[in-house]
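The values are calculated or read from the model by the stated rules, or taken from the named source; none is laboratory data. What you see is a predicted model, and the numbers here were worked out from it, not measured in a lab. Note that we place each Cβ from the backbone using ideal geometry, even for glycine, and neighbour counts take in every protein chain shown.
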């Protein structure tokens with residue numbers, strides 16, 4: 001079995017760990033720009049990395065791709081459906097949940113105003129009052145790994161967490177007070193203090209947060225998008241913030257990345273932009289390696305059903 005890894009931030013012990021699971025495996029570690037990558041890609045049976053943009057037809061022996069990304073919507077019907085594709089869901093949920101809470105606290109504790117006052121050597125805060133997150137209602141759009149990680153942390157701060165997902169009949173995850181179906185999203189928006197979108201970018205979620213839905217949020221409410229940029233109508237978001245119809249917003253994903261210097265969002269008031277860094281964390285390499293090793297063991301045994309995060313081309317995740 002030939003395994004090609006294009007992920008540069010795996011633990012140093014990763015080659016030995018692969019050999020312990022499949023002693024006969026040949027592991028090649030190479031980036032797409034490396035001289036030996038093309039040959040390894042054409043002869044590998046297993047790939048760890050991001051396959052978008054690569055020549056899929058040249059990978060004649062490929063059978064399984066483990067992506068290094070949790071979101072894989074771009075792969076829907078873009079890679080051969082004969083390939084087993086598994087995503088990295090479960091690797092980044094903790095860091096992104098922390099990042100999301102930091103964004104929420106940035107506004108609730110008026111860190112934005114404090115930074116501005118400090119730059120002006122001014123003691124005191126103007127503008128909106130400082131408030132607690134405790135007692136506020138958090139609406140989570142999506143209860144995958146990221147949504148569940150955020151729910152437990154937000155609940156620990158005393159927030160009331162309401163989740164919206166397709167399978168509303170399933171028991172609520174830890175930290176979630178109740179789960180609503182997607183059909184009740186509009187009603188839930190009108191009751192939320194903070195909306196956090198964690199959904200993947202698929203044909204089913206594109207434009208879900210349009211002008212009409214943004215307009216259902218109350219004027220004091222906040223909106224956070226840490227899912228995919230395609231979920232959100234950014235022009236409608238900027239309009240709502242400019243007009244004072246929305247309290248604040250924070251995005252870690254953008255309509256195009258990198259966001260061009262002259263884009264309207266850079267000058268939109270009460271908007272915090274971070275450059276798609278929410279998932280960064282020093283534990284990611286270890287978590288991704290553990291996920292791959294689990295799936296490698298199952299794959300080597302012919303147990304595809306036992307592999308984690310098997311990608312569904314129909315839904316795009």
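The single condition among (1) surrounded by 15 or more Cβ atoms within 10 Å (Cβ to Cβ); (2) within 25 Å of residue 275 (Cβ to Cβ); (3) in the same structural domain as residue 228 (by TED's automatic domain parsing) that residue 128 does not meet is (2). Report yes if residue 4 is modelled with pLDDT of 95 or more, under 27 Å from the mean Cα position of the chain (by Cα) and under 24 Å from residue 72 (Cα atoms), otherwise no. Judged against the criteria, residue 4 is a match.
Just to be sure I understand, how many residues within the stretch 65-96 are buried (at least 21 other Cβ atoms within 10 Å of the Cβ), in a strand (DSSP E or B) and either in the same structural domain as residue 230 (by TED's automatic domain parsing) or over 15 Å from the mean Cα position of the chain (by Cα) (or both)? Looking only at that region, the number is 4. The sole residue among 218, 228, 245 that is under 28 Å from residue 136 (Cβ atoms) and in contact (Cβ under 8 Å) with a residue 40 or more places away in the chain is 228. Please determine, by comparing only the residues of the stretch 139-171 that are over 20 Å from the mean Cα position of the chain (by Cα) and assigned to a loop (DSSP other than H, G, I, E, B), which one is nearest to residue 228 (Cα to Cα). If we take residues in the stretch 139-171 being over 20 Å from the mean Cα position of the chain (by Cα) and assigned to a loop (DSSP other than H, G, I, E, B), then 168 is nearest to residue 228 (Cα to Cα). Restricting 196, 115 to those that are within 20 Å of the chain's Cα centre (by Cα) and either under 30 Å from residue 69 (Cα atoms) or surrounded by fewer than 17 Cβ atoms within 10 Å (Cβ to Cβ) (or both) reduces the list to 196.
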